[in-house]
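Written below as structure tokens is the structure these notes are about.
The values are calculated or read from the model by the stated rules, or taken from the named source; none is laboratory data. These numbers were taken from a predicted model, which means no experiment stands behind them. With ideal geometry, Cβ positions are generated from the backbone for all residues, glycine too; neighbour counts draw on all protein chains shown.
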Amino acid sequence: MRIVMEEAGTDYRTASERPIRTPADVRGACVGMAGGSQESFGVLCLNTKNGMIASEVVTTGIVDASLIHPREVFRVAIARNSTAIVLVHNHPSGSAVPSSEDIRITKQLVEAGKIIDIKVLDHVVITAGDEFCSMREDGLVDFS
């Protein structure tokens, strides 16, 4: 399943014209995912210019948790020939504050990306409101 784009009818094959440069860009690209009643974890696949090649929900969980494994995340990225990815998931609770588990899995995914040479640029937590949290901007995870 693709993450719903902000503009109705936007197709991921033409979305690469719109680069993903900020957490607000991520929030805008994933607006349809933000209001879900269950936690969903998605990946934005980017090209060398940070243009979005594809966006895909990797897993949908329960109200307050979603199981995620590097295998599922990077399967999508490899299939789309991505050079970088941005992780995104929603918090149905309305709070964009990442949990300790969110931070732990992000660190694991950053390390896995280094092994296969696909850079993880950020992990953005979004909500149904306008609230979002960038783990990179908040210094919660080292993405270097």
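The table below lists the values:
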| quantity | calculated |
| --- | --- |
| Flag for SER37 being in a loop (DSSP other than H, G, I, E, B), surrounded by fewer than 21 Cβ atoms within 10 Å (Cβ to Cβ) and among the polar types (S, T, N, Q) | yes |
| Condition check for PRO98: surrounded by 16 or more Cβ atoms within 10 Å (Cβ to Cβ), farther than 18 Å from GLU56 by Cα, modelled with pLDDT under 95 and not charged (D, E, K, R) | no |
| Count of region 120-137 residues which are at pLDDT 95 or above and exposed (fewer than 15 other Cβ atoms within 10 Å of the Cβ) | 1 |
| Residue match in region 106-116 (condition: of a type in the set (Gly, Ala, Ser), part of a loop (DSSP other than H, G, I, E, B), surrounded by fewer than 21 Cβ atoms within 10 Å (Cβ to Cβ) and out of contact with any Cys (no Cβ under 8 Å at 6 or more places or on another chain)) | no |
| Hits in region 83-104 (condition: within 14 Å of ASP122 (Cβ to Cβ) and either without any contact (Cβ under 8 Å) to a residue 60 or more places away in the chain or assigned to a loop (DSSP other than H, G, I, E, B) (or both)) | ALA84, ILE85, LEU87, HIS89, ALA96, PRO98, ASP102, ILE103 |
| Every residue from region 40-50 that is surrounded by 15 or more Cβ atoms within 10 Å (Cβ to Cβ) and over 17 Å from GLY94 (Cα atoms) | GLY42, VAL43, LEU44, CYS45, LEU46, ASN47, ASN50 |
| Odd one out for LEU67 among (1) closer than 16 Å to GLN38 by Cβ; (2) in a loop (DSSP other than H, G, I, E, B); (3) in contact (Cβ under 8 Å) with a residue 40 or more places away in the chain | (3) |
| The lone exception for GLU7 - which of (1) outside any loop (DSSP other than H, G, I, E, B); (2) of a type in the set (Asp, Glu); (3) modelled with pLDDT under 90 it fails | (1) |
| All positions within region 98-110 that are touching an Asp or Glu at 6+ places or on another chain (Cβ under 9 Å) and of a type in the set (A, V, I, L, M, F, W, C) | VAL110 |
| Inter-residue pairs, beta-carbon under 9 Å, first over 14 Å from GLU137 (Cβ atoms) and in region 9-27, second modelled with pLDDT under 50 and of a type outside the set (Val, Ile, Thr), 6+ apart | ASP11/ARG2; ASP11/MET5; TYR12/ARG2; TYR12/MET5; ALA15/MET5 |
